[in-house]
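Scroll down for the structure; my scribbles are underneath it.
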Amino acid sequence: MAVLSHDSPARFLGLYTISVGLDGIDGMLARLLNQESKLGAVLDMVIDRLSTLCLIMVLARKDIMSLGQAAGCAGIDVGSHWIWMIYKNSQGEHHKETGGRGLVKGILNAYYGNRMFMLSLCACSEVFYLLLFVKHGGGGRSEILDAAVWGTGIGWGIKQVTNVAQIAEAARKLDR
């Protein structure tokens, strides 16, 4: 529904925020009530990827990012999570468990080993896209908004490094 409301920035942001909030509550309740499942983990990952993909499509539709930038952002996001889930499921492991060695291991351990760090990077990535929407979609220019875009952009960049690490590690392990 949020995507269909992209011409109304306030409605779009409100619906997108509600969607993200409900997703978080759903995950917390599943863990609290011990109702986690492989299907739930996969569905959560798919829904998260689709939500981000829709947000990226809105940015491209509004010419906030080019089609090439949108395709690159969407490709690395969906591709890294897809190959990581395939690899982890083939090992019978949860997708938030890590393995490997060296730099890639360090990146993935930092990401998955500290839930607050992982949550911060995921939040930065989503908020970065939302702030681009606000900044270029009629929110105007302000020093605070510019600083917020830069700050979340750093987190977004670190998240992209993590995505590349997921691809590298999963591809290395699946190639055996």
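Using a Förster distance of 22 Å, how high is the FRET efficiency between LEU29 and ILE86, based on the Cβ-Cβ distance and rounded to 0.05? Working shown, then result.
Values: r = 27 Å, r/R0 = 1.23.
Using R0 = 22 Å, I get an efficiency of 0.25.
Which whole-number percentage describes the relative contact order of the chain, with Cα contacts under 8 Å and a sequence gap of 6 or more? Numbers along the way, then the final one.
Details: 128 pairs, mean separation 41.1, N = 176.
Over the chain, the number comes to 23 percent.
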Would you grab the residues whose amide H sits under 5 Å from the one on MET65? Only those 5+ places off in sequence or on another chain, please, with H modelled 1.01 Å from N.
ALA60
Structure-based [θ]222 nm, the chain - -39500 (n - 2.57) summed over DSSP H runs of at least 4, per residue, nearest 500
-27500 deg cm²/dmol
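Any read-out appearing in this document is the output of simple, stated calculations on the displayed coordinates, not a laboratory observation. Treat the numbers as computed from the prediction; the structure is a model and nothing was measured. So basically every Cβ, Gly included, is an ideal-geometry build from the backbone, and we count neighbours across all protein chains shown.
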